[in-house]
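Visitor: Can you keep this structure in mind? I'll have questions shortly.
The values are calculated or read from the model by the stated rules, or taken from the named source; none is laboratory data. These figures come from a predicted structure and were not determined experimentally. Positions of Cβ are backbone-derived with ideal geometry, glycine not excepted, and every protein chain shown enters the neighbour counts. Note: accessible area is taken over every heavy atom of the protein model, side chains too, but ligands, DNA and RNA are not part of it. Shrake-Rupley method; radii C 1.70, N 1.55, O 1.52, S 1.80 Å.
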Amino acid sequence: MATRIVTKIGYVFCVDVDNQYKRFFQYIADDMTMLNTRVIRVFKRRYPMDYIPNMEEIVKDEVDFYAHTIIKFGIQKNLWYKVGKSSELGDVESILFRKSGDYPFSKEEKSYDWYIWHIGQPTKSIGELTDKYKDLDIGMLIAYPSVAERIKTGIYVFKHPH
């Protein structure tokens with residue numbers, strides 16, 4: 001019988017990066033605006049492999065990026081594991097995501113159908129993506145392998161069917 005995986009807001013997870021260092025992320029919210037998916041915040045700092053996780057220290061780190069993903073699948077595939085819990089979630093209400101209503105579009109095309117939103121709030125149409133919003137994290141369900149890849153390399157790798 002399969003073990004039931006329980007994830008709760010506040011849980012902190014570790015990603016071992018090529019047996020060289022550790023990085024951490026925290027499950028901070030559920031976003032009803034994006035299919036009620038889990039929202040995580042990934043911290044910037046790299047820790048040595050022998051680091052014993054200190055939740056207070058980890059959650060004070062600067063955020064590298066936010067993402068919507070399915071945490072339990074990453075656990076099942078051994079991409080990350082739970083190391084603790086913290087009630088400190090950061091300023092969840094100020095997080096903004098962006099998404100194009102034209103997705104997917106080719107690299108040659110330019111979308112004039114961009115939306116932004118705060119977690120759990122209605123989307124707001126902004127038309128063309130301006131400099132003010134271009135650095136916001138993409139608001140879409142990101143497959144757990146792509147999240148792990150961005151934690152390791154700094155970029156998402158999306159696999160498209162042929």
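Visitor: Taking 0.36 nm per residue of sequence separation and subtracting the Cα-Cα distance, how much length would be gained by fully extending the chain between Lys110 and Lys77, in nm to one decimal?
Guide: Gain on stretching Lys110 to Lys77: 8.3 nm.
Visitor: Also, I was wondering about something else. Using a 1.4 Å probe and ignoring any ligands, DNA or RNA, find the accessible area of Ile126 and quote it in Å² to the nearest 10.
Guide: Counting only protein heavy atoms, the figure is 40 Å².
Visitor: How would His68, His118 line up by accessible area, probe 1.4 Å, largest first?
Guide: Reading off the accessible areas and sorting them downward yields His118, His68.
Visitor: Of Lys72/Lys99; Lys72/Lys134; Lys8/Lys132; Lys44/Lys124; Lys60/Lys82; Lys8/Lys77, which pairs sit farther than 27 Å apart, going by alpha carbon to alpha carbon?
Guide: Lys72/Lys134; Lys8/Lys132; Lys44/Lys124
Visitor: Right, something else. Kindly write out, for the range 126-138 in residue order, the coupling ³J(HN,Hα) from the Karplus curve 6.51 cos²θ - 1.76 cosθ + 1.60 (θ = phi - 60°), rounded to whole Hz, with x marking Gly and Pro.
Guide: Couplings: 10, x, 6, 6, 9, 4, 4, 10, 5, 8, 5, 5, 5 Hz.
Visitor: To continue, here is another question. Of the accessible area of the range 21-162, with the probe set at 1.4 angstrom, what percent is carbon plus sulfur?
Guide: On the range 21-162, the fraction of accessible area on carbon and sulfur atoms equals 51 percent.
Visitor: So how exposed is Ile75, as accessible area in Å² (1.4 Å probe, rounded to 10)?
Guide: Looks like 40 Å² after rounding.
Visitor: Moving on. Measure off 7 Å from each Cα along the Cα-to-Cβ vector at Glu88 and Gln20, then give the distance between these two points in nanometres to one decimal.
Guide: 2.8 nm
Visitor: In the chain, once you exclude exposed trypsin sites (Lys or Arg not before Pro) (DSSP loop, at most 12 other Cβ within 10 angstrom), what's the longest stretch remaining?
Guide: Values: sites that count: Arg4, Lys8, Lys44, Arg46, Lys77, Lys107, Lys110, Lys132, Lys134, Lys159.
Of all site-free stretches, the longest is 9-43.
Visitor: Using the heavy atoms of the protein chains alone and a 1.4 angstrom probe, what is the accessible area of the range 35-162 per residue in square angstrom?
Guide: On a per-residue basis, 63 Å².
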